[in-house]
Every structure is written in C-alpha cells, then in structure tokens.
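Novice: I have a structure here, written as structure tokens, and I will follow up with some questions on it.
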Amino acid sequence: MTRAAVLGAGAWGTTFAAVLADAGTEVTLWGRDPEVIRSVRDDRRHEGSIPGVDLPEGIHATTDVEEALAGADIVAVAVPAQHVRGIVAPFRDLVPDGAVAVSLMKGIEQGTHARMSEVLSEVWALSPERVAVVSGPNLAREIAQRQPTATVVAASDAEAAELVAASTASSYFRPYTNDDLVGVELCGAYKNVIAVGVGITDGLGFGHNTTATVITRGLAEITRLGLAIGARPETFSGLAGLGDLIATCASPLSRNHTLGAHLGRGSTLDDAISLTRGTAEGVKTAAAVQQLAVEAGVDVPICDGVVTMLAGEAPVQAVIEALITRPRKAEVD
C-alpha cells in the first residue's frame, strides 16, 4: 500500500489527507497545533477549518514530523507559501529517499520569484522527477464534504504524476495528469491575485458583467505571462487555469475573494486580513507576480492594479477607472 504524509493541518492539508484516505492510501497528517491534531485523531473533526465535516477513519494525525515522514512514498506540503522554506527546510534529512514531494501550495515566493515546487526541490535537494504539484478548482470545504471535483497532478516525470493520481482517485475526486509544472503553478498562484480583484469589484457593488470582465481579462494576463516563461497554452484553458480561476473568483468560500470584498467595502488591508480569518495568498503573491512580469517584459494591468490597491497607494475607485480607461486595443494580441 502507498504511504503518504501531509505536512500542514490547515483546511487544505486536512482535506487532502481525507482525499488520500478515501482513496485507500495510508496517510499521516502532521501539524504543529496539538489541539487540532488531537481533534483530528480522536474526534475525526477539524472544526476550526472545515466545521461540521466527519473525517475518514484512515487518517493518522501527529505533531511528530519524524513519525509522519517515516516510510512515506508521497510527502504533500500544505503550509503558507511565503513561509514554506522556513517551515520545511529542517525536515530535509527526514524525507525518505525516493519519496515524491507534492506541493499543494499556490503562490510565488517573494524575493526569489520561485514556484513552490522549486522551493521544495531546493530545500530538500530533490531531483526534478521527485517533485509534483496538485492544483485545480479545489475549494477545501466542498471537497471535504465529498462533492465531485477534478484536479491536475503536474510532474515532469510521468511515473511520479501517476503515483500521486492513483493515490488520490476516488468516487468524488478525479485527478488528471499534466507535465506542464510552470503553467499549472503559475495559474494556481496568479488566480489568487485575480480573485482579490474580483472580490474588490463585488465589494464595490458591481455585478456579473464586471466579474466576467475581470475573470476573462485576468486569464489573458495569466496566459501572456505563462507563455513568456515557458508554459504551454493549453494549460490555461484547463482545470488548473480557467477551472481554478472560476472557482476562486466566484465562490464565497475563497479567502482571496473574501478579502477583496472587504477591501471593496472600505476596510483597510489589516482589517480585511483579520476579517478573512485565514491566509489569502494573493496578498503577498501579487507583488511577486508583478515583479516576475517586469522581468519577463509582460503587461499585467490587473495585477498592477491589485498591487496598488493592496498597498493603499490610490483609492480603489480610481484604480478601477484607470483600468477601464486604458488605451483601447484588439482583444487578441
């Protein structure tokens, strides 16, 4: 039987552990909060992140990372993107030889502009064929409730991708494989930035036309940048691209959308973060994506606008007006 370890007992890490258990994979969930781990282990609940959901019996939970990693064939990581390096670097010598590291995180590291799979490869000294990514329209609460969904397992090595896919496939969770790590990871990170923008327009009281405009032009931005850094075009119309973008921009379960809505209603960034009650990765990813775009020479006006609004450098309404009144051009470059 395949054995998996999931590092990070937040909403997505706990949910992914449940997905693995429901697929028949032996899984251990590691977290730093003893009360959360006790509740998952003894009560089969994580009320703080996925309230009202009964977790499967097959999840073993522990605060002992050495215990969690022992004998693992798959090591999935679900911690805040901007802190992953510091959290997991000390575990380097505990990761079993041959294990496939799986990034569940959706972000671009500030400063380095590294994708999360690249961070894991670096801090754990992994060869490319030992790293994979899971990304798609995967809102944790809906999956924890066993609502049908699909996802993408991206890896440069087909066997690694198939190992992760086979270990997660179940009656409600359908994984597709893909070898475009660059495109899949960029989509997962960038869609959070666009979701903040959509949330802002919702908070301002705008309707579906505005939402559709920001989503569609946001996808054009993601695609332009992705193609400039080596991604494949078909990735952007798939689950990791358009699929995840729709889910994150449209759902009230999305923390990035929720944070943006608070900003649109007039909250300060600090207040919006507090009200959102969870990590909205788009806040810090926006600046990293913007810097990556500058390096690639790609125009990203929605991302630029989100960065400006997050920094409080201009009134939200003025930024929206500036985006709408940009010089006209053909829709397709």
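Novice: For segment 78-131, give me the residue count where each residue is of a type in the set (A, V, I, L, M) and assigned to a loop (DSSP other than H, G, I, E, B).
Specialist: Of the residues in segment 78-131, 9 are of a type in the set (A, V, I, L, M) and assigned to a loop (DSSP other than H, G, I, E, B).
Novice: Still on this model: Being buried (at least 20 other Cβ atoms within 10 Å of the Cβ), under 21 Å from the mean Cα position of the chain (by Cα) and outside any helix (DSSP H, G or I) is true for just one of THR248, THR279. Which residue is that?
Specialist: Every option except THR279 fails the conditions.
Novice: Here is a further query. From the list ASP299, ASP270, pick out the single residue that is over 20 Å from the mean Cα position of the chain (by Cα) and not in a helix (DSSP H, G or I). If you could, list the steps in order and put the result at the bottom.
Specialist: On the way: ASP270 fails: not in a helix (DSSP H, G or I).
Answer to the check: ASP299.
Novice: Here is a further query. Looking at segment 286-310 only, could you name the residues that are under 20 Å from ASP271 (Cβ atoms) and without any contact (Cβ under 8 Å) to a residue 24 or more places away in the chain?
Specialist: If the condition is that a residue be under 20 Å from ASP271 (Cβ atoms) and without any contact (Cβ under 8 Å) to a residue 24 or more places away in the chain, then VAL307, THR308 are the ones that fit.
So that you can scan it fast, the table gives a plain yes or no per residue for (1) modelled with pLDDT under 95; (2) in a helix (DSSP H, G or I); (3) in contact with a Ser or Thr (Cβ under 7 Å, 6 or more places away or on another chain):
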site	(1), (2), (3)
VAL306	no, yes, no
ALA322	yes, yes, no
ARG328	yes, no, no
VAL332	yes, no, no
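Novice: Would it be correct to say that VAL184 is outside any helix (DSSP H, G or I) and in contact (Cβ under 8 Å) with a residue 24 or more places away in the chain?
Specialist: no
Novice: Consider segment 197-232. How many of its residues are of a type in the set (Phe, Trp, Tyr) and part of a helix (DSSP H, G or I)?
Specialist: Result for segment 197-232: 0.
Novice: Are any of the residues in segment 141-156 out of contact with any His (no Cβ under 6 Å at 6 or more places or on another chain), surrounded by fewer than 24 Cβ atoms within 10 Å (Cβ to Cβ) and farther than 30 Å from GLY52 by Cβ?
Specialist: Yes.
Novice: A follow-up question, please. So if I check each of ILE108, ILE74, which one is touching a residue at least 40 places away in the same chain (Cβ under 8 Å) and either among the small types (Gly, Ala, Ser) or under 10 Å from ALA5 (Cα atoms) (or both)?
Specialist: Exactly one residue qualifies, and that residue is ILE74.
Novice: Collect the residues in segment 9-39 that are free of Cβ contacts under 8 Å to residues at least 60 places away in the same chain, surrounded by fewer than 24 Cβ atoms within 10 Å (Cβ to Cβ) and either under 19 Å from the mean Cα position of the chain (by Cα) or part of a helix (DSSP H, G or I) (or both), keeping them in residue-number order.
Specialist: Listed by number, the residues that qualify are ALA21, PRO34, GLU35, VAL36, ILE37, ARG38, SER39.
Novice: Still on this model: What do you reckon, is THR2 in contact (Cβ under 8 Å) with a residue 60 or more places away in the chain, over 23 Å from THR276 (Cβ atoms) and over 22 Å from the mean Cα position of the chain (by Cα)? Steps first, please.
Specialist: On the way: in contact (Cβ under 8 Å) with a residue 60 or more places away in the chain: yes; over 23 Å from THR276 (Cβ atoms): yes; over 22 Å from the mean Cα position of the chain (by Cα): yes.
Answer is yes for this residue.
Novice: Given the criterion at pLDDT below 95 and touching a strand residue (DSSP E or B) at 6+ places or on another chain (Cβ under 8 Å), identify the matching residue among ASN138, ASN178. Full working, then the answer.
Specialist: Numbers: ASN178 fails: at pLDDT below 95.
So the residue among ASN138, ASN178 that is at pLDDT below 95 and touching a strand residue (DSSP E or B) at 6+ places or on another chain (Cβ under 8 Å) is ASN138.
Novice: Taking segment 87-123 as the search range and keeping residues that are β-branched (Val, Ile, Thr) and under 15 Å from TRP30 (Cβ atoms), which one is surrounded by the most Cβ atoms within 10 Å (Cβ to Cβ)?
Specialist: The extreme case among them is VAL102.
Novice: Name the residue that is farthest from THR14 (Cα to Cα), counting only residues in segment 40-69 that are part of a loop (DSSP other than H, G, I, E, B) and in contact (Cβ under 8 Å) with a residue 40 or more places away in the chain.
Specialist: VAL53
The values are calculated or read from the model by the stated rules, or taken from the named source; none is laboratory data. Just so it is clear, the model here is predicted, and its values are computed rather than measured. Cβ sites come from the backbone with ideal geometry, for glycine too, and all protein chains shown count toward neighbours.
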